[in-house]
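All remarks here apply to the structure that follows.
The values are calculated or read from the model by the stated rules, or taken from the named source; none is laboratory data. Fair warning: this is a prediction, and the values are worked out from it, not measured in the lab. When we count neighbours, we look across all protein chains shown, and the Cβ atoms used for this are built from the backbone with ideal geometry, even at glycine. These accessible areas exclude ligands, DNA and RNA; they are computed on the full protein's heavy atoms, side chains included. Shrake-Rupley method; radii C 1.70, N 1.55, O 1.52, S 1.80 Å.
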Amino acid sequence: MRVIQAKSKMTPMMQQYLAIKGQHRDAILFYRMGDFYEMFFEDAEVAAKALDITLTSRNKNDEVPVPMCGVPYRAAQAYIGRLIAGGHKVAICDQVEDPAAAKGLVKREVVRVVTPGMIVEDAFLDEKTHNFILAVAQERDRYALASLDISTGTFRVAESEDARAVAEEALRIQPREMILPDAGEQRSFYEQLRRRMGETATTLVDAGEFRYARSRRRLTDQFATVSLEGFGCEHLRAAICAAGALLGYVQETQRQKVAHIGGVETYYLDSFLWLDDMSCRNLELLKNLRTGTRQGTLLGILDKSVTPMGGRLMRQWLRYPLLCADGITARLDAVEEAAMAHTLRAELRQHLKSVYDLERLGSKVSMGQCNARDLLALKESLQQLPALTARLADFSSHLFSWDTDTGPLADLAAHIDDAIREDAPVTIQEGGMIKPGFHDGLDALIRVSRDGKGWLVRLESEERARTGIGSLKVRYNKVFGYYIEVSKTHSKSVPVHYVRKQTLVNAERYITDELKTFENEVMGAEEKRAALELSLFNGVREKVMALNPLIQAAAGWIARIDCLLSFAETAALNGYCRPGLNQEGTLVIEDGRHPVVEKMIAGERFVPNTVRMDQKAMQVLVITGPNMAGKSTVLRQVALLVLMAQAGSFVPAATAEIPLTDRIFTRVGALDNLSAGQSTFMVEMEETANILNNATPRSLVILDEIGRGTSTFDGLSIAWAVAEYLHDLDGQGVKTLFATHYHELTELARRKRRVRNFNIAVKEWNDNIIFLRKLMEGGTNRSYGIQVARLAGIPESVIKRSKKILFLIENDEHLAPKLSDNADEPVGEKGGAVQIDLFQSGEKAIVDKLKALDVTRMTPVDALNALDDLCRKSRSL
């Protein structure tokens, strides 16, 4: 910090400010002064610019004034939210003693540090998205991460010996903030992780915070246990290091124990279908690639949840599809039952619409961030439980049941109903929250305040009669308290016992002993009332805190119901079928549809397609056809239907049989990553390498145009070799859908027994094409690139020139002497509309060599050698 004046010359207040700021150098310090939060020095300059507020200065007459800006205390949350959105941290420094009772400088302390991952205010959170903070740790040769959403209390850990898998999991979690150890010995792992996480806000903390012994002790203290066996992570040292460090960071920033974090969930990365971050983006599961919104995504189609908890769980189910057949079947059973019960499903969803965000309400209450309206929302939500449990009893699926006594929650709802007024204000400091009849002492104080108003009316009437001044008024303001106001025209009629308190232009204000006594009584009653109401409110809050574990359990149950009903609603509305599951690797989708595209297209009917794949005869499908015909749609819909089935959803098809799939890989297009110095081709090859190095015989691979980013022959060679590798992997191969414009790859079907050729059918009409969108067996040797170019609006002169050049390429590899500048010159009978044969030059070389051989002069050995050489050359084509 730039300090202009010597500290010894500064006021005590500024010395206090600098001392507190010194403990929070990486945050903007909101320093409470009366009704404002003030900022000074660089903090003021940064905040004024970020918030677009006036930058002024303190001690303007000094040689070098101190920069200063401020925001109103009551409006601070909005300003804090804007700073957090801009990537800043905010340390909130409040007055921790009553200024009226303070001797000298008011004591101040930082009561909370707000960071991107430490937000509990609803206004700054997406209700259907978790707000995770992430900690990552390396312990010896193990890697781990811990994630926490403090707004819901969701706390999870995972560990692996695979550093890449942990980095991919960090991307899958999508944290708002990440903490890492400031450690040198493993710096390379953490630096690589930071690069992969992009612009995620990152804080480096002392490496000692990640030490195993300290972390384990911190966790057992938090959970009040002697070990972590009950949470399944006692043996996971790296996970304990990450979780303990994260919990320590939370306690440091929140300045409290965060009691609502009562446990941690341990999960294993190989327990779920793996879909890496790039594949998630390629398939547009959560975000539209063009707009960044959920419109036009699988989540946008499937998520018909009506509660915030259900929306967050739906997102998790899609990112963590199951691998356990029993778990998937249980979800499908529940969805089928709900899909058939139309009336009951509608009734249940109506009840759910009255349930607020129980997870975040419980967390706000536990952290002291709630108000009376939050308690009313909690009450209304808990009041839905009896109706939900009664109606859900009609379902047989165990996923709809919750074998827990809800009596304590019903009692809590009744207690809140008895205590909290329906018209309670937003603030909790000024009273007006507690219902009459809830507390006798409060009722007495309210009567004093209410009777006091009547007393003032009587006093005003009596004083007018006593003095003869008809315009006399008895009034109150916050500055002067209660007073009697008389216009100056009647000042001579004022009694001698009136004591002048204030002179105005046209009036005088007075006080009397009687009015002063009344003021002391009423003001004392108002202050006592506000203090008592706050105490009673806190009593209700403590009852909620005591039952928060049960509230969180209810929230999880409601979220599960909401997701199952959402799947059922989508299936019923869109005509989805229940998929079958198998362990044999057989995939059969009859008349499958892309769940998103079928809803987005306008002006034409979506054409369904049938896809069959297995481990014996149809494992690698090479799909050819022109651009815009629908190859990419078919590829993506197969991947999405597999994912939907393993998430527990019905699928858009006539029938479907889905093999349990451990991983889905996609390579469906790439963008240059110029900031990392990577070209399109390099990104493409990295994605392909990831597939080849991690795919298993239980995986599904989607490849759309491998090798486009380099020269034609290089690209073809790579595509051919990749297809062979996936066919031969581990002697079993991988189910692969391979869309390509390299029609030479259709030759693979003759050479590899589990490769089959398919094409997307088109119809030619007067040198134009009509897309039929139908997947047909067999290859094609046409790309129709020039016809597609015409459809895209390429000028006709360019189209004609393209046809001429294509004809010459097809008929002679030596182009330059024959390329005329005349685009209208005849190009041959068929206009050159034939696919280029990329093997032509190689075959020609073999033919030329054969022509050059003189077998009459060759020995048998020479002839065999020559034949062997020609065979090797032909096999390389």
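Search the range 578-590 for residues that are basic (Lys, Arg) and pair each with any residue that is in a strand (DSSP E or B) and modelled with pLDDT under 95 when their beta-carbon atoms are under 6 Å apart and the residues are at least 6 apart or on different chains.
Cβ pairs passing all conditions: none.
Out of all the residues in the range 177-194, which are part of a strand (DSSP E or B), within 25 Å of LEU285 (Cβ to Cβ) and touching a helix residue (DSSP H, G or I) at 6+ places or on another chain (Cβ under 9 Å)?
MET178
Looking at (1) more than 27 Å from MET367 (Cα to Cα); (2) open to solvent by less than 50 Å² (accessible area, probe 1.4 Å); (3) at pLDDT 95 or above; (4) not hydroxyl-bearing (Ser, Thr, Tyr), which one does HIS235 not meet, given that it meets all the others?
(2)
Select from the range 378-410 the residues that are more than 20 Å from VAL544 (Cα to Cα), hydroxyl-bearing (Ser, Thr, Tyr) and open to solvent by 20 Å² or more (accessible area, probe 1.4 Å) and list them in ascending order.
Once the filter is applied, which keeps residues that are more than 20 Å from VAL544 (Cα to Cα), hydroxyl-bearing (Ser, Thr, Tyr) and open to solvent by 20 Å² or more (accessible area, probe 1.4 Å), the range 378-410 yields THR389, SER396, SER401.
Could you list, ordered by first residue, the pairs with Cβ atoms under 7 Å in which the first is in the range 341-356 and open to solvent by 70 Å² or more (accessible area, probe 1.4 Å) and the second is not in a helix (DSSP H, G or I), at least 6 apart or interchain?
LYS353/VAL306
Can VAL90 be described as in contact with a strand residue (DSSP E or B) (Cβ under 6 Å, 6 or more places away or on another chain) and modelled with pLDDT under 95?
Against the criterion (in contact with a strand residue (DSSP E or B) (Cβ under 6 Å, 6 or more places away or on another chain) and modelled with pLDDT under 95), VAL90 does not qualify.
Confirm whether VAL64 is open to solvent by 50 Å² or more (accessible area, probe 1.4 Å), hydrophobic (A, V, I, L, M, F, W, C) and at pLDDT below 90.
Yes.
For the range 111-127, which positions are open to solvent by 40 Å² or more (accessible area, probe 1.4 Å) and touching an Asp or Glu at 6+ places or on another chain (Cβ under 8 Å)?
VAL111, ASP122, GLU127
Within the range 691-727, track down each residue that is open to solvent by less than 20 Å² (accessible area, probe 1.4 Å), part of a helix (DSSP H, G or I) and at pLDDT 85 or above.
Scanning the range 691-727 gives ILE691, ALA719, VAL722, ALA723, LEU726, HIS727.
So, in the range 260-298, exactly how many residues are surrounded by fewer than 15 Cβ atoms within 10 Å (Cβ to Cβ), at pLDDT below 95, closer than 24 Å to VAL157 by Cα and in contact with a helix residue (DSSP H, G or I) (Cβ under 8 Å, 6 or more places away or on another chain)?
0
Name every residue in the range 545-575 that is surrounded by fewer than 24 Cβ atoms within 10 Å (Cβ to Cβ) and either under 30 Å from HIS439 (Cβ atoms) or hydroxyl-bearing (Ser, Thr, Tyr) (or both), in order of residue number.
Selection gives MET545, ALA546, LEU547, ASN548, PRO549, LEU550, GLN552, THR570.
Give the residue, chosen from ILE623, ILE658, that is modelled with pLDDT of 95 or more and either farther than 26 Å from THR293 by Cα or in a strand (DSSP E or B) (or both).
On inspection, the qualifying residue turns out to be ILE658.
Return the only residue of ALA639, ALA602 being open to solvent by less than 40 Å² (accessible area, probe 1.4 Å) and either modelled with pLDDT of 95 or more or outside any helix (DSSP H, G or I) (or both).
Going through ALA639, ALA602 in turn, the sole match is ALA639.
Give ILE53, ILE84 a once-over and let me know the one that is at pLDDT 90 or above and crowded, with 21+ Cβ neighbours inside 10 Å.
Criteria check complete, one pass: ILE84.
I need the full set of residues from the range 567-598 which are in contact with a helix residue (DSSP H, G or I) (Cβ under 6 Å, 6 or more places away or on another chain) and in a helix (DSSP H, G or I), in order please.
PHE567, ALA568, THR570, ALA571, ALA572, VAL597
Being touching an Asp or Glu at 6+ places or on another chain (Cβ under 6 Å), of a type outside the set (Val, Ile, Thr) and on the phi < 0 side of the Ramachandran plot narrows it down to one residue among LYS287, LYS304; which is it?
Only one candidate qualifies: LYS304.
Please specify each residue of the range 732-751 satisfying the condition of being farther than 23 Å from VAL642 by Cβ and either outside any helix (DSSP H, G or I) or not charged (D, E, K, R) (or both).
Residues satisfying the conditions are HIS741, TYR742, HIS743, LEU745, THR746, LEU748, ALA749.
This table checks each residue for (1) of a type in the set (Lys, Arg); (2) at pLDDT below 95; (3) in a strand (DSSP E or B).
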{"position": "MET118", "(1), (2), (3)": "no, yes, no"}
{"position": "HIS130", "(1), (2), (3)": "no, no, no"}
{"position": "GLN138", "(1), (2), (3)": "no, yes, yes"}
{"position": "SER147", "(1), (2), (3)": "no, no, yes"}
{"position": "ALA158", "(1), (2), (3)": "no, no, yes"}
{"position": "ARG164", "(1), (2), (3)": "yes, yes, no"}
{"position": "GLU169", "(1), (2), (3)": "no, no, no"}
{"position": "PRO175", "(1), (2), (3)": "no, no, no"}
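Assess whether ALA146 counts as being among the small types (Gly, Ala, Ser), surrounded by 21 or more Cβ atoms within 10 Å (Cβ to Cβ) and touching a strand residue (DSSP E or B) at 6+ places or on another chain (Cβ under 6 Å).
It is true that ALA146 is among the small types (Gly, Ala, Ser), surrounded by 21 or more Cβ atoms within 10 Å (Cβ to Cβ) and touching a strand residue (DSSP E or B) at 6+ places or on another chain (Cβ under 6 Å).
Which members of the range 417-459 meet the condition of being part of a helix (DSSP H, G or I), under 21 Å from GLU380 (Cβ atoms) and free of Cβ contacts under 8 Å to residues at least 40 places away in the same chain?
Listed by number, the residues that qualify are ASP417, ASP418.
Would you mind listing the helices (runs of 4 or more DSSP H) fully within the range 214-305 where at least 1 residues are touching a residue at least 24 places away in the same chain (Cβ under 8 Å), hydrophobic (A, V, I, L, M, F, W, C) and over 30 Å from MET644 (Cβ atoms)?
237-254
If you go through the range 440-447 one residue at a time, do you hit one that is modelled with pLDDT of 90 or more, surrounded by 12 or more Cβ atoms within 10 Å (Cβ to Cβ) and of a type in the set (Gly, Ala, Ser)?
Scanning the range 440-447, I find no residue that is modelled with pLDDT of 90 or more, surrounded by 12 or more Cβ atoms within 10 Å (Cβ to Cβ) and of a type in the set (Gly, Ala, Ser), so the answer is no.
Give me the helices (runs of 4 or more DSSP H) completely within the range 320-371, filtered to those with at least 1 residues that are of a type in the set (Gly, Ala, Ser), touching a strand residue (DSSP E or B) at 6+ places or on another chain (Cβ under 7 Å) and modelled with pLDDT of 95 or more, ordered by residue number.
Here the list reads 325-340.
Checking the structure you have, find out if any residue of the range 195-209 is at pLDDT 95 or above, over 19 Å from ASP162 (Cβ atoms), open to solvent by less than 60 Å² (accessible area, probe 1.4 Å) and out of contact with any helix residue (DSSP H, G or I) (no Cβ under 6 Å at 6 or more places or on another chain).
No: the range 195-209 contains no residue that is at pLDDT 95 or above, over 19 Å from ASP162 (Cβ atoms), open to solvent by less than 60 Å² (accessible area, probe 1.4 Å) and out of contact with any helix residue (DSSP H, G or I) (no Cβ under 6 Å at 6 or more places or on another chain).
Going through the range 318-340 one residue at a time, which ones are among the hydroxyl-bearing types (Ser, Thr, Tyr) and open to solvent by 30 Å² or more (accessible area, probe 1.4 Å)?
THR329
Quick check on the range 546-560. Is at least one of its residues free of Cβ contacts under 8 Å to residues at least 40 places away in the same chain and part of a helix (DSSP H, G or I)?
yes
Between a first residue in the range 858-873 that is at pLDDT below 70 and a second residue that is part of a helix (DSSP H, G or I) and open to solvent by less than 70 Å² (accessible area, probe 1.4 Å), which pairs have beta carbons less than 9 Å apart while being 6 or more apart in sequence or on different chains?
Once the first residue is at pLDDT below 70 and sits in the range 858-873, its partners that are part of a helix (DSSP H, G or I) and open to solvent by less than 70 Å² (accessible area, probe 1.4 Å) give LYS873/GLY842; LYS873/ALA845; LYS873/ILE846.
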